[in-house]
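The values are calculated or read from the model by the stated rules, or taken from the named source; none is laboratory data. Being a predicted model, the structure only gives us computed values, none of them experimental. Every residue, glycine among them, receives a Cβ derived from its backbone with ideal geometry; neighbour counts consider all protein chains shown. Side chains are part of the model used for accessible areas, which takes the heavy atoms of the whole protein and leaves out ligands, DNA and RNA. Shrake-Rupley method; radii C 1.70, N 1.55, O 1.52, S 1.80 Å.
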Amino acid sequence: MDSTNEALLNRYEEKDEGDATPQINDDEATEEEEYKMYSSRWIALAVYALGSLANAMIWISFAPIATVVSHTYSVNNTAVNMLSVIFMILYIPGTYLASYLFKRFGLRGTILAANTLNVAGSVLRFASIVGSKDSKANNGGYALLLIGQGMCGLVQPIFVNAAALIAATWFALEQRDLATVIASMANPIGTGVGQILPAMLVNEEGSGMSSLLLIQFAISGSILLLAYFLFLDKPPTPPSYTETLRYSHRISDQSEIIQDGGPFSWHQISSLLKNRNFIKLAFGFSIGLAYFNSLATVLGQQVNILGYTDNDAGIFGALILGFGLIGCAIVGPIMDATHRYKTILKTFSVMTFVTVLALCGSLRPNNHVALLIIFSVLGFFVLPLLPLSFECMVECTYPVSEEVTNGIMLSMGNILSIGITFAWQFLIEKTSSYRGVYVSYNFLQVGIFVVCGFFILSFNGNYNRLNAEKAYREVSDRNRTDKSKNPTIIAKLSSNSEKIQKA
């Protein structure tokens with residue numbers, strides 16, 4: 001990284017005390033009207049969101065029909081859970097791949113590559129069951145299925161890590177929070193579809209498995225075509241002042257990739273490791289993400305031992321996602337209007353903990369209505385934590401690239417998900433039937449959120465990106481007022497505008 005970009009990082013180095021507001025010189029300010037948003041931003045957001053949705057749908061497809069999958073492929077519950085856990089195992093190498101592709105080939109090239117692997121993985125998944133008889137996979141069917149899942153899992157970080165990057169690349173401050181919410185919610189929506197679709201298409205004998213995998217292949221293929229014809233790499237001009245600053249940063253990163261062959265800057269990593277609020281938020285978020293991933297994976301097995309069916313598990317999962325979207329629809333505009341990310345994050349974290357306590361007290365047989373309500377409330381509070389955490393992370397680590405910070409904390413969450421998923425499965429199998437409220441898997445859930453809440457509530461990062469935008473606008477307004485009296489400022493504004501258009 002050149003000295004200019006090191007200086008940019010140093011200007012925003014986290015101070016544990018005091019304000020991190022940057023100093024903006026008159027030379028750096030351009031007229032606010034130079035920054036505009038293009039209608040194609042919604043197309044870029046939609047295509048990205050659809051790819052993320054399809055990838056999440058593939059990830060969780062087998063969790064709500066675990067018993068059927070076990071019978072169809074002649075494997076045990078651990079092997080069925082591995083179809084989900086393989087995504088978590090591959091998250092770290094996938095994050096490295098995602099960061100490399102983003103910086104080497106840009107958004108368009110990376111999104112095309114991700115959707116291509118989604119399609120390739122879907123082909124192998126369908127091949128694992130096609131031509132089989134009596135709803136039983138042929139020899140080697142499970143191996144093909146796992147390899148296909150792995151191909152899709154390798155590109156999951158491309159979709160998940162880039163939510164804030166898509167928002168920053170295409171949207172100005174006025175719509176950036178809303179865009180982050182939409183982008184980050186595409187993955188949970190896909191999880192909801194992945195919970196409902198298998199229960200609709202596959203019966204208890206395994207009939208309909210091939211139809212499920214064929215439909216998912218068709219969806220992935222259609223999204224790849226949309227990405228090829230409609231998805232652009234970036235808008236003609238940056239949408240904001242902070243994105244203009246980081247545009248040169250990304251150009252420098254591309255040069256480093258070509259010369260050094262690695263996607264990560266040590267200066268970026270070292271600045272993150274010195275940022276105590278980054279560490280707090282990363283741990284808190286990753287523990288919460290691990291809970292959500294593990295719950296989605298073992299939900300069917302959890303409710304089965306209490307006498308509920310796979311269809312019930314699908315409904316419970318759908319309610320989490322459906323009411324989670326309602327929560328995000330409410331939180332998104334509030335974030336845009338107030339930018340009080342930390343306050344909203346902590347409020348929703350506390351309410352999630354209260355709901356988990358209620359869930360632990362309600363996990364018992366013949367309690368269907370109460371579980372429907374509690375899973376709905378849980379979704380309402382837990383899903384908005386994803387975009388809220390993304391925004392807090394980007395703000396407190398600016399100008400470090402969004403895909404780097406989000407990739408690190410999502411990788412941590414997926415690592416923890418592996419251990420928690422298998423621990424939860426072990427505790428479920430050990431219990432095997434309802435034995436009251438004070439059981440090991442309930443203690444696990446409560447313990448997870450006690451630790452998560454400790455880190456989230458102690459987080460107090462600065463709003464570096466918002467402060468940069470505010471400082472820029474103040475200087476820009478001053479220059480606009482004085483420009484009729486100062487021809488030099490007019491010349492500087494014109495020169496800056498030409499540079500942005502060329503970029």
In Å, the Kirkwood estimate of hydrodynamic radius for the range 373-419 over Cα pairs equals 12.1 Å
Magnitude of the Cβ-charge dipole (Lys and Arg +1, Asp and Glu -1) of the range 277-368 about the Cα centre, nearest 20 debye, reported as 420 debye
For Arg435 and Leu273, extending 7 Å from Cα along the Cα-Cβ vector and measuring point to point gives, in nm, a value of 4.4 nm
Diffing the range 296-303: the Karplus 3J(HN,Hα) column from phi (6.51, -1.76, 1.60, θ = phi - 60°), in whole Hz with x for Gly and Pro, holds 4, 6, 9, 4, x, 5, 4, 7
So, with points 7 Å from each Cα along the Cβ direction, the Tyr38-Arg108 label distance in nm works out to 0.9 nm
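Per residue, how much accessible area does the range 350-409 have with a 1.4 Å probe, in Å²?
For the range 350-409, the solvent-accessible area averages 25 Å² per residue.
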Heavy-atom accessible area with a 1.4 angstrom probe orders Lys430, Lys234, most exposed first, as Lys430, Lys234
With the convex hull built on the alpha-carbon atoms of the range 45-100, volume per residue in Å³ sits at 88 Å³
Quick calc of log₁₀ I(q)/I(0), the range 90-196, Debye, one scatterer on every Cα, no solvent, q values 0.10, 0.14 1/Å, result -0.37, -0.66
Whole-percent carbon and sulfur contribution to the accessible surface of the range 309-417 (1.4 Å, no ligands, DNA or RNA) stands at 75 percent
Dividing the mean separation of Cα pairs under 8 Å (6+ apart) by the residue count of the range 355-436 yields a relative contact order in percent of 26 percent
Largest-first ranking of Ile330, Ile408 by accessible area, probe 1.4 Å, whole protein assembly kept, is Ile330, Ile408
The convex hull of the Cα atoms of the range 371-449, divided by residue count, gives a volume in Å³ per residue of 104 Å³
Quick calc: nm separation of the 7 Å Cα→Cβ label points for Ile215 and Ile415 -> 3.8 nm
